[in-house]
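Below is one structure, written out as structure tokens; comments come after it.
The values are calculated or read from the model by the stated rules, or taken from the named source; none is laboratory data. Since we're looking at a predicted model, the values are computed, not measured. Don't worry about glycine lacking a Cβ; one is built from the backbone with ideal geometry, like all the others, and counts go over all protein chains shown. Each accessible area value is taken on the protein alone, full model and side chains, heavy atoms only, with ligands, DNA and RNA left out. Shrake-Rupley method; radii C 1.70, N 1.55, O 1.52, S 1.80 Å.
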Amino acid sequence: MAASTLDEERELTIHPLVATSMQHNNQVISNIRNLTASLFGVAAGTLGLESYPGFIFYLAGTLLVSILLFVLKTETTPGKYFYRPLGDMWLGEVFGGLSGFVLTWTLFYGLVRA
Amino acid sequence: MAQPVVQTIHRDPALFWWILLPITVVMILTGILRHYAMTLLQTTPKKQDLPKIRQQRSLVRGVNLRTNANVLSPSSFQARKAYMVQAYQEGKFLADPESRGKPRPNPMSDPAAMEGMMGMMKGNMAMMVPQSLIMGWINAFFSGFVIMKLPFPLTPQFKSMLQSGVGTRDLDVRWVSSLSWYFLTLFGLQPVYNFILGSNNAANQVTQQMAMSNPGAGMMGPEQDPDKLFLNEAENLEVLDHQWILEGIEERLVAKFAA
């Protein structure tokens with residue numbers, strides 16, 4: 001365990017992480033997530049989804065967005081852009097977009113259905 | 001138990017134009033206003049005299065030496081470390097060397113600390129005033145009727161809050177009054193602000209309250225004894241395990257090209 005953390009530290013000093021680049025990449029992910037979350041909210045509201053189907057729709061949508069990010073934005077090599085691809089790209093900001101989703105979902109559900 | 005009948009309420013379409021839209025627009029505009037108010041209220045840092053700046057910067061220098069130690073060769077790192085540690089221990093960089101070892105004055109009487117507190121007060125005011133104003137406005141104008149139905153069920157505990165002013169006992173909690181739309185916009189408008197104002201805006205009060213709740217080390221800085229900070233930094237430098245980044249570079253290079 002100790003040896004592996006030492007190796008990791010050494011690796012990080014040889015290939016340092018640039019904080020501004022990381023911030024920029026995370027910002028791009030967060031912007032895409034927020035925008036798509038709001039659009040998913042519009043779709044869910046218009047479709048008239050209620051309670052669990054709505055949240056499942058959101059999770060499915062974020063999964064789709066993650067796949068698109070993986071294929072289009074990182075060109076299937078997320079390790080080049082993210083230190084921890086699983087946490088930063090696949091799961092990053094999933095719950096940050098939830099409030100925007102609920103907002104537009106409620107609005108369009110109220111306008112179209114109820 | 002039989003499934004309860006789904007309650008439907010027919011509402012005037014004008015509710016959208018006269019309630020939902022105004023609240024949303026007001027919330028967006030308040031966020032923008034708050035962003036610019038915070039930008040304007042920010043006090044420019046006061047100009048400090050030379051010894052104070054020297055004291056601050058030399059501490060930062062020690063930290064920088066520690067974080068970037070790996071790019072220095074062992075001999076040059078040792079030379080820098082010896083100099084910094086000695087200077088720290090002698091108190092060479094202190095702003096007023098005479099007051100070394102004396103107890104610190106009360107931070108409340110220090111004008112610099114008061115300045116920082118004023119800044120925090122202003123930030124708090126810029127958050128609290130619009131929030132309470134808008135809640136009062138919504139309660140005064142838009143309470144007492146149901147405006148929309150949430151697409152997800154809630155527990156009955158929310159009934160008193162989200163149906164404030166609607167005095168029906170049996171109404172489903174999913175029917176909510178305008179105050180809940182206010183809460184939804186309060187939490188959900190952050191992406192909108194991001195797109196309008198750029199990513200590091202000061203528009204959303206929720207994120208600001210989170211930032212306020214754990215004040216960083218920067219705020220506590222001026223109240224600490226600089227001499228203690230220096231001695232602490234000297235100790236950190238002493239125990240640092242120095243590894244030169246260029247150590248074994250030949251093997252690494254050969255291995256890279258061989259691969």
So what's the back-of-envelope 222 nm ellipticity for chain A, counting only DSSP H runs of four-plus at -39500 (n - 2.57) apiece and dividing by all residues, rounded to 500?
-22500 deg cm²/dmol
Sites residue B:80 and residue A:56 - FRET efficiency at Förster radius 41 Å, r taken between beta-carbons, to 0.05
0.10
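Taking the Cβ of residue A:50 as the center, what net charge do the other residues with Cβ under 14 Å away carry, scoring Lys and Arg +1 and Asp and Glu -1? If you can, show how the numbers build up before the last one.
Values: positive: A:113, B:149, B:174; negative: B:172.
For residues surrounding residue A:50, the net value is +2.
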Please give me the summed charge of the neighbours of residue B:173: other residues whose Cβ is under 13 Å from its Cβ, Lys and Arg +1, Asp and Glu -1.
+2
FRET efficiency for residue A:27 and residue B:239, using Cβ-Cβ distance with R0 set to 35 Å, rounded to 0.05:
0.45
Kirkwood hydrodynamic radius over Cα pairs of segment A:18-113, then Stokes diffusion coefficient at 10 °C and 1.306 mPa s, in µm²/s:
115 µm²/s
Probe 1.4 Å - accessible area at residue B:12, Å² to nearest ten:
100 Å²
Helix A:19-47 against the longest principal axis of chain A: what's the angle in degrees, Cα atoms only, rounded to the nearest 10?
20 degrees
Using modelled backbone amide H atoms (1.01 Å from N, in-plane), which distant-in-sequence or interchain residues come within less than 5 Å of residue B:148's amide H?
B:176
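Taking each residue in B:182-195, count the Cβ atoms of any other chain within 10 Å of its Cβ, then average. What number comes out? Write down the numbers at each step before the final one.
On the way: counts 0, 0, 8, 4, 2, 5, 15, 3, 7, 14, 4, 0, 6, 4.
What the average comes to for B:182-195 is 5.
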Whose amide H sits under 5 Å from the amide H of residue B:189, counting only residues 5 or more places off or on another chain, with H placed in the peptide plane?
none
So the label point goes 7 Å from the Cα of residue B:195 along Cα→C-beta, right? Which residues of segment A:82-114 then have their backbone N under 16 Å from it?
A:97-108
Tilt, helix A:2-14 to longest principal axis of chain A (alpha-carbon atoms), in degrees rounded to tens, equals 90 degrees
